[in-house]
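The values are calculated or read from the model by the stated rules, or taken from the named source; none is laboratory data. Quick caveat: nothing in here was measured; it's all calculated off a predicted structure. Positions of Cβ are generated from backbone atoms using ideal geometry, with glycine treated the same way; all protein chains shown enter the neighbour counts.
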């Protein structure tokens, strides 16, 4: 394949990869840009720029990216090094590592949440060794449905 197929000179981080509705990927996905998931992925997802998981999207595995917008489901460790947006239709089970998080009413978050101004990406690399060490006291265990009960 030619690097500049159409001669438009797009950099890899300007490209959006799409896993469409009804598509199932078994294995790891990695891109230098953004990936949008409307289907299902069984494996890890890495995107240098952003991960967007649509309402019917499902990732069973780890997600590592700079920014993430989640409307679907994630079962695994979700690491958004800069910003994480959990929309009202999302369901998260596992662990979350991020610096900033927006949680919409109705989102379901059954996860251990680690928020820090330190490099959130280091948490994903230290996952294997963390199992043998006592948990971080700054970690917050969250098991809540953000909607249904009225105000906070």
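Could you check, for the stretch 62-75, whether at least one of its residues is in contact (Cβ under 8 Å) with a residue 12 or more places away in the chain, in contact with a strand residue (DSSP E or B) (Cβ under 6 Å, 6 or more places away or on another chain) and on the phi > 0 side of the Ramachandran plot?
no
Of everything in the stretch 31-43 that's surrounded by fewer than 16 Cβ atoms within 10 Å (Cβ to Cβ) and at pLDDT 95 or above, which residue is farthest from residue 78 (Cα to Cα)?
Among those residues, the one meeting the criterion is 42.
If you go through the stretch 24-51 one residue at a time, how many are touching a residue at least 24 places away in the same chain (Cβ under 8 Å) and touching a helix residue (DSSP H, G or I) at 6+ places or on another chain (Cβ under 9 Å)?
The number of residues fulfilling the criteria is 2.
Scan the stretch 47-65 residue by residue and report those that are surrounded by fewer than 21 Cβ atoms within 10 Å (Cβ to Cβ) and under 9 Å from the mean Cα position of the chain (by Cα).
Once the filter is applied, which keeps residues that are surrounded by fewer than 21 Cβ atoms within 10 Å (Cβ to Cβ) and under 9 Å from the mean Cα position of the chain (by Cα), the stretch 47-65 yields 50, 62.
If you scan the stretch 87-104, which residues turn out to be buried (at least 21 other Cβ atoms within 10 Å of the Cβ) and over 19 Å from residue 117 (Cα atoms)?
Within the stretch 87-104, 90, 92 qualify.
Please indicate, with yes or no, whether at least one residue in the stretch 7-23 is surrounded by 14 or more Cβ atoms within 10 Å (Cβ to Cβ), in contact (Cβ under 8 Å) with a residue 60 or more places away in the chain and part of a strand (DSSP E or B).
Scanning the stretch 7-23, I find no residue that is surrounded by 14 or more Cβ atoms within 10 Å (Cβ to Cβ), in contact (Cβ under 8 Å) with a residue 60 or more places away in the chain and part of a strand (DSSP E or B), so the answer is no.
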